[in-house]
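Undergrad: Below is one structure. I have some questions about it.
The values are calculated or read from the model by the stated rules, or taken from the named source; none is laboratory data. Small disclaimer: the values here were computed from a predicted structure and weren't measured. Neighbour counts are summed over all protein chains in view; Cβ atoms, including those assigned to glycine, are modelled from backbone coordinates with ideal geometry. Only protein heavy atoms, including side chains, enter the accessible area calculation; ligands, DNA and RNA are left aside. Shrake-Rupley method; radii C 1.70, N 1.55, O 1.52, S 1.80 Å.
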Amino acid sequence: MALPQAEDGDGEAPAEEVDFEALAYQAYAGFSLGAPQISLSPSAEAPVLVQVPVWMWVDADDWEAETATASVPGGSVTVTATPSSVSWDMGDGQSIDCEGPGTAYDPGEHDPAAASPDCGHTYTSTSGGSVDVTASMSWTVEWETSTGEGGSLPELTTATSTAVQVVESSSLATTTR
């Protein structure tokens, strides 16, 4: 986006000055960031048991920086949105903030009774049906011009939800003689 300048003393118009910040906001407005893909273990497709640790993570492909560029004669601006954290609303009144995407559960590598090392939750009561688990991914946004100027723009957030049924399983231990 160029701003016209008044003529100089020779009657010629000087080169147009580029408003890089306005151009950065134009590129920012054009962002179309995808919602994070929620992954849970145990899976959301099966009931989740009370007192069993749930591992939460977003797909590694979703944890990649995204860029948008706007160009005009005289320069260009590249805006970069970088994932910074995921806030999980677990549907039971608890929220979990994770600094990264979370660790993907691998049954060949991880103990199913162990809690996630960085992004997990354990339900302590049943839901009486299903709860909605929502992952809200925060993105820090920076801009840089072809001339080296730059700055920050407001944070962006993308979110998605999935339904999870939380159930309780009772057992009775007996001994035989």
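Undergrad: Just want to confirm a number: the relative contact order over the chain, from Cα pairs under 8 angstrom separated by 6+ residues, in percent. It would help to have the intermediate numbers written out before the result.
TA: Numbers: 376 pairs, mean separation 44.4, N = 177.
Once normalised by length, the contact order is 25 percent.
Undergrad: Cα atoms only: what Rg and Dmax, in Å, come out for the chain?
TA: For the chain, the Cα radius of gyration and maximum Cα-Cα distance read 24.7, 110 Å.
Undergrad: Heavy atoms only, probe 1.4 Å: what % of the accessible area of the chain goes to carbon and sulfur, would you let me know? Can you show the working numbers first?
TA: Numbers: 4630 of 10250 Å².
After summing per-atom areas, the C and S share lands at 45 percent.
Undergrad: Could you give the angle, 0 to 90 degrees to the nearest 10, between helix 20-29's Cα long axis and the longest principal axis of the Cα atoms of the chain?
TA: 40
Undergrad: Can you send over the solvent-accessible area of Glu99, 1.4 Å probe, protein chains only, in Å² to the nearest 10?
TA: 150
Undergrad: With the contact rule set at Cα under 8 Å and sequence spacing of 6 or more, what percent relative contact order holds for the range 73-149?
TA: Details: 102 pairs, mean separation 39.3, N = 77.
Value for the range 73-149: 51 percent.
Undergrad: So for Asp89, Asp61, what's the accessible-area order with a 1.4 Å probe, most first? It would help to have the intermediate numbers written out before the result.
TA: Numbers: Asp89 75, Asp61 120 Å².
Per-residue accessible area, sorted high to low, gives Asp61, Asp89.
Undergrad: Quick one: what are the phi-derived ³J(HN,Hα) couplings along the range 42-50, Karplus 6.51/-1.76/1.60 with θ = phi - 60°, whole Hz, x for glycine and proline?
TA: With coefficients 6.51, -1.76 and 1.60, one gets x, 5, 5, 6, 10, x, 9, 8, 4 Hz.
Undergrad: With only Lys, Arg, Asp and Glu charged, each at its Cβ (+1 for the first two, -1 for the last two), find how big the charge dipole of the range 64-177 is about the Cα centre; round to the nearest 20 debye.
TA: Details: 1 positive and 16 negative charges, 83 e Å.
Charge dipole of the range 64-177: 400 debye, to the nearest 20.
Undergrad: Just name one of Val48, Cys119, Tyr25: the one whose Cα is farthest towards the positive end of the charge dipole of the chain (beta-carbon charges, Lys/Arg +1, Asp/Glu -1).
TA: Val48
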